[in-house]
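Engineer: Structure incoming, see below.
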Amino acid sequence: MSRWSPLRVGLLVLAAAALLTAFLAFVKKGGMGKRDSRTAVAWFKDATGLAPRSRVQVAGIPVGEVESIQLVGTRAQVTLRIRDDVALREDAVLSKRSESLLGDYLLELYPGSDEAEPLAPGGEITRVVDQQGMDAVFGSLQEITSDIREVTRTLREVLGSEGGAGALQRLLDNLVRVSESLDRTLRQSSRRLEAILYNVEQASRSVRALGEEQREPVREVVANVNAITRDVRDVLASVKEGLGTGDGELRDTVTALREALDSLGRSLGHVEKVTAGLEEGKGVAGTLLRDERAAQKLNETIEDVSAFTSRLTQLRAEVSVRSEYLFEQGAGKNYLQFRLFPRADKHYLLELVDDPRGTTETVFVQANPPSAGDPATQVQRVTRDSLKVSAQFAKRYYFATLRMGITESTGGVGMDLHFFDDALSLRMDAFDFALEFNRSPRLRAALRVQALNHLFATAGVDDALNAPVREVSTGRLILGRDFFVGAGVYFTDEDLQAILSLSPIRP
């Protein structure tokens, strides 16, 4: 064991030396590699306190270091190494900030705004803020100290004498007496001051309420006062003219003056009655002036009416007309449709339908006396021509619109699927769930293609789940599957307004 001990000690010393050499090389080189960082250049007039490996930070977090400092002309060229994850921009700002009172400095970096162009690797940071060194700070402190010394010497010369001390004592005594007198006055007048403030608050509230809720009566009073002023001015002018002329004109002037005074008295009486009624709460204006709840209800009613009218003015209307040819029926089916859009994702649908199938009803006929071999009561199926109505509420979710309500005078539901910015739509309706004559509900599917502006084409199948059934006497199809094609035109409220503006009829 004693033979291997020197060898172990030598190996340990060699390992420690290698670790020390690697550590010194890392410290000399710096803590950032070239793979995960890039360089930037900045120019300083004063690089005092900066040295290689001085810290560069953003918002207090180290993001780089000083790589080198060189003197070029009369300025210092400072090369920085910044991490790649810091997005440097062309409007980046670099400022030198003191780290401690010992003269150490660090660099505070603002990377720049997102609107600026990225700074190229090795580019120059043009916005550099040079701060004064500690020598300038200490020089400023020395000047401030000199000024303070001058002020204290002047105070000592003024207050150090007997006259200055006496004047200062008298000033302090006066201040004490004034503060005591002010304190007594405030304590004695606190209740009065509170009452005055309360009265001022009530008066301001009454004036504000009167100004907001009684604008029209106040305007009438002001108009009456203006009229009275004009009458008095006219009377004074007449008196002046009468005094300068004969007795007849003077008598007429006095008569006019008496009439004007009577009119003035009546106007003042009306004003007095109006103000008395307002104070007693008579009439609508008086009620609103004295009853805050009534005024609040009136304001709420006005707001509700305003909201309702704003919703009405925001409605968007669409009118469409389409006609479809039914192959099994051999006739046309016509639609007149109105749609109201309070919002883009919701609308109300009202549709008038002229259906060649008509409306099929069950009629009980009782024969008295019945024919031979026939029952007394017979059941007949009667089909009548009638105009059908559809009224639905629709709500759109992304590319699908769901509808529910009345479809061709029966309860029904529907769904529309929209594609290619609503240029292509698939419409499906299910209705007539009573199942009085048909075996399954009436299911209709139609494909709508927006060919041109305001023009569209449709094709589909109606009553797809039931077999065709025709009326025996007329051969008319009364229920069952039928294919159709059609076309239509639609107008929005802007189109209708443009058409009406061209009409010779004016509202």
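Engineer: Conditions first: (1) farther than 19 Å from residue 122 by Cβ; (2) without any contact (Cβ under 8 Å) to a residue 60 or more places away in the chain; (3) among the polar types (S, T, N, Q). Residue 48 passes all but one, so which condition is the exception?
Structural biologist: (2)
Engineer: Residue by residue through the stretch 54-64, note down the ones that are in contact with a Lys or Arg (Cβ under 9 Å, 6 or more places away or on another chain) and open to solvent by 30 Å² or more (accessible area, probe 1.4 Å).
Structural biologist: The answer is 62, and nothing else.
Engineer: Sticking with this structure for a sec: Please enumerate the residues belonging to the stretch 442-488 that are β-branched (Val, Ile, Thr), open to solvent by 40 Å² or more (accessible area, probe 1.4 Å) and under 29 Å from residue 317 (Cβ atoms). Before the answer, list the steps.
Structural biologist: From the stretch 442-488, those β-branched (Val, Ile, Thr) are 449, 458, 461, 469, 472, 474, 478, 485; that's our starting set.
Retained after the next criterion (residues that are open to solvent by 40 Å² or more (accessible area, probe 1.4 Å)): 449, 469, 472, 474, 485.
Across the stretch 442-488, the qualifying residues are 449, 485.
Engineer: Hey, another quick one. If the Cβ limit is 7 Å and pairs must be 6+ apart or interchain, which residue in the stretch 408-429 that is hydroxyl-bearing (Ser, Thr, Tyr) pairs with which residue that is modelled with pLDDT of 90 or more and surrounded by fewer than 16 Cβ atoms within 10 Å (Cβ to Cβ)?
Structural biologist: 409/389; 425/417
Engineer: Inspect the stretch 324-332 for any residue being among the polar types (S, T, N, Q) and either at pLDDT below 65 or out of contact with any strand residue (DSSP E or B) (no Cβ under 6 Å at 6 or more places or on another chain) (or both) and give the result as yes or no.
Structural biologist: Step one: list which residues in the stretch 324-332 are among the polar types (S, T, N, Q), which gives 329.
Now narrow it down to the ones that are either at pLDDT below 65 or out of contact with any strand residue (DSSP E or B) (no Cβ under 6 Å at 6 or more places or on another chain) (or both): none.
No, the conditions are met nowhere in the stretch 324-332.
Engineer: Which numbered condition in (1) open to solvent by 70 Å² or more (accessible area, probe 1.4 Å); (2) part of a strand (DSSP E or B); (3) of a type in the set (Phe, Trp, Tyr) is the only one that residue 433 fails?
Structural biologist: Failing condition for residue 433: (2).
Engineer: Filter the stretch 74-93 down to the residues that are free of Cβ contacts under 8 Å to residues at least 40 places away in the same chain, open to solvent by less than 70 Å² (accessible area, probe 1.4 Å) and not aliphatic (A, V, I, L, M) and list them by number.
Structural biologist: 77, 89, 91
Engineer: Looking at 396, 439, 384, 403, can you tell me which residue is closer than 20 Å to residue 318 by Cα, open to solvent by 40 Å² or more (accessible area, probe 1.4 Å) and either modelled with pLDDT under 85 or not hydroxyl-bearing (Ser, Thr, Tyr) (or both)?
Structural biologist: Result: 396 is the single residue among 396, 439, 384, 403 that is closer than 20 Å to residue 318 by Cα, open to solvent by 40 Å² or more (accessible area, probe 1.4 Å) and either modelled with pLDDT under 85 or not hydroxyl-bearing (Ser, Thr, Tyr) (or both).
The values are calculated or read from the model by the stated rules, or taken from the named source; none is laboratory data. Predicted model, so just to flag it, every value in this text is computed and none were measured. Reconstructed Cβ throughout: ideal geometry from the backbone, glycine too, with neighbour counts over all protein chains shown. All accessible areas refer to the heavy atoms of the entire protein, side chains included, with ligands and DNA or RNA removed. Shrake-Rupley method; radii C 1.70, N 1.55, O 1.52, S 1.80 Å.
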